[in-house]
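See below for the structure under consideration.
The values are calculated or read from the model by the stated rules, or taken from the named source; none is laboratory data. A quick note: this is a predicted structure, and the numbers were derived from the prediction, not measured. All Cβ positions, glycine included, derive from the backbone under ideal geometry; neighbour counts span all protein chains shown.
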Ligand code: SF4
Ligand code: SF4
């Protein structure tokens, strides 16, 4: 894919999804602040709906396709956007999946058309809008060079394990733009977050669990197994030499935070690695205050580390 | 094949064998045995075939057939193979001890993932954090 994206991503429709209004509030705040600082504009999808990630999918996956298609319909038909950005891996995944189904499956097209007519809005058709993640938005909207030139406080001293979670690259077939050679994202070893944080001065560590499942932290929220999976990720990050884990999804982020605390309470194992959204790290590098990027809203207390590194 | 409980104890206690290559071999075998448990629990006969030169990857491919959520451990399996290659190709490298420590964490991840999946088949599917919130609102 080449490359009118610098212009195309300057102003995009923004689909925060419901998690960013709850557990992922700091991600919402930092994404918006980073956008402002970089001159990238976000316009909330008008009257957006939840994609119904779990419950609806279990009842009828076609209804979920409809719910995601409605978000895209709003962005394209009500607002005239050609790009919609979703910072949550789940929202991003669901929009991509709906796009794929609408392109390839006649029954999905019929169901979406039928429900859209009943609901009284225009049907979304595959190809009318491009869905991107917050990582794509900054990587292609500004790029590493653009970012470097705007850095006010280098992230030098931040040793980062980049954690993408298990959904950002899966299943491969719904992300036709990935694995397309130089400049594209890799589904086996994603690197966009690594690239952006390196441009802001951070040292990325070699982290073998960057796409490992964290144990469905919100499926098994009080399960020891989930805590053990997260603890293993935290230990691997520390063993890789990281002092911070960067995240790009509210669900993965809160799972790590929640189980870091639980691991200490339940198993008496304390890990010291901090957990921050990549947008928070970028915001700090762009000279924003920790408060502006919502560091105080995280469960993982990273103020000490940020002060030590001259970032707070 | 060792039981899952024995494998869990081994991974928590640390693997100690004579040479780096033997340790790496044992960790790779542990990965294979864990996947064998998963396949057997689903009534399948674990394959002896290899994918990309490794039985572990052959077993993973078999496990993911018909269950895409099992792909949540695909890259973890590949990382185990990658570390195995690093250790066995360059056993004298100064990073070998670190690579083995990492390999053990990677093997542990496969073990925890599969054990978790035996508890909840949903593991490996997206688990939205807004769910709790919405369930509360609905009740
Ligand atoms: S994936 Fe989760 S956060 Fe995103 S819209 Fe769906 S339910 Fe809400
Ligand atoms: S929270 Fe965990 S299980 Fe859920 S998508 Fe993220 S990595 Fe996967």
Do the conditions hold for residue A:176, that is, is it modelled with pLDDT of 95 or more, surrounded by fewer than 24 Cβ atoms within 10 Å (Cβ to Cβ), assigned to a loop (DSSP other than H, G, I, E, B) and within 16 Å of ligand 2 (Cβ to nearest atom)? no
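Please note which helices (runs of 4 or more DSSP H) are completely contained in the stretch A:37-139 and include at least 2 residues that are within 16 Å of ligand 2 (Cβ to nearest atom). Please lay out each step first, then the result.
Working: elements: A:55-59, A:61-73, A:89-104, A:106-119.
Result: A:55-59, A:89-104.
If you check residue A:215 against the conditions, is it touching a helix residue (DSSP H, G or I) at 6+ places or on another chain (Cβ under 7 Å), surrounded by fewer than 21 Cβ atoms within 10 Å (Cβ to Cβ) and in a loop (DSSP other than H, G, I, E, B)? Write out each step before concluding.
Numbers: touching a helix residue (DSSP H, G or I) at 6+ places or on another chain (Cβ under 7 Å): yes; surrounded by fewer than 21 Cβ atoms within 10 Å (Cβ to Cβ): no; in a loop (DSSP other than H, G, I, E, B): yes.
For residue A:215, the condition - touching a helix residue (DSSP H, G or I) at 6+ places or on another chain (Cβ under 7 Å), surrounded by fewer than 21 Cβ atoms within 10 Å (Cβ to Cβ) and in a loop (DSSP other than H, G, I, E, B) - is not met.
Quick check on my filter: what residues within the stretch A:96-114 are surrounded by 16 or more Cβ atoms within 10 Å (Cβ to Cβ) and farther than 24 Å from residue A:247 by Cα? Before the answer, list the steps.
Our first condition is that a residue be surrounded by 16 or more Cβ atoms within 10 Å (Cβ to Cβ); within the stretch A:96-114, this holds for A:96-102, A:108-109, A:111-113.
Answer for the stretch A:96-114, where residues must be surrounded by 16 or more Cβ atoms within 10 Å (Cβ to Cβ) and farther than 24 Å from residue A:247 by Cα: A:98, A:99, A:100, A:101, A:102, A:108, A:109, A:111, A:112, A:113.
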For the stretch A:42-49, does any single residue satisfy the condition of being under 20 Å from residue A:99 (Cβ atoms), near ligand 1 (Cβ under 9 Å from one of its atoms) and over 16 Å from the mean Cα position of the chain (by Cα)? yes
For the list (1) more than 17 Å from residue A:167 (Cβ to Cβ); (2) at pLDDT 95 or above; (3) within 14 Å of chain B (Cβ to nearest Cβ), I need the number of the one condition that residue A:45 fails. (3)
Scan the stretch B:49-61 for residues that are surrounded by fewer than 21 Cβ atoms within 10 Å (Cβ to Cβ) and touching a helix residue (DSSP H, G or I) at 6+ places or on another chain (Cβ under 7 Å) and jot them down. B:49, B:50, B:51, B:54, B:55
Could you list, in sequence order, the residues of the stretch B:90-131 that are surrounded by fewer than 24 Cβ atoms within 10 Å (Cβ to Cβ) and within 16 Å of ligand 1 (Cβ to nearest atom)? B:122, B:125, B:131
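So, of the residues in the stretch A:79-95 that are in contact (Cβ under 8 Å) with a residue 40 or more places away in the chain and surrounded by fewer than 24 Cβ atoms within 10 Å (Cβ to Cβ), which turns out to be nearest to residue A:31 (Cα to Cα)? Show your work before the answer.
Initial filter on the stretch A:79-95 (in contact (Cβ under 8 Å) with a residue 40 or more places away in the chain): A:79, A:81-95.
With the extra rule that they be surrounded by fewer than 24 Cβ atoms within 10 Å (Cβ to Cβ), the set shrinks to A:79, A:81-83.
Numbers: A:79: 21, A:81: 19, A:82: 20, A:83: 16 Å.
Across the stretch A:79-95, the extreme among qualifying residues is A:83.
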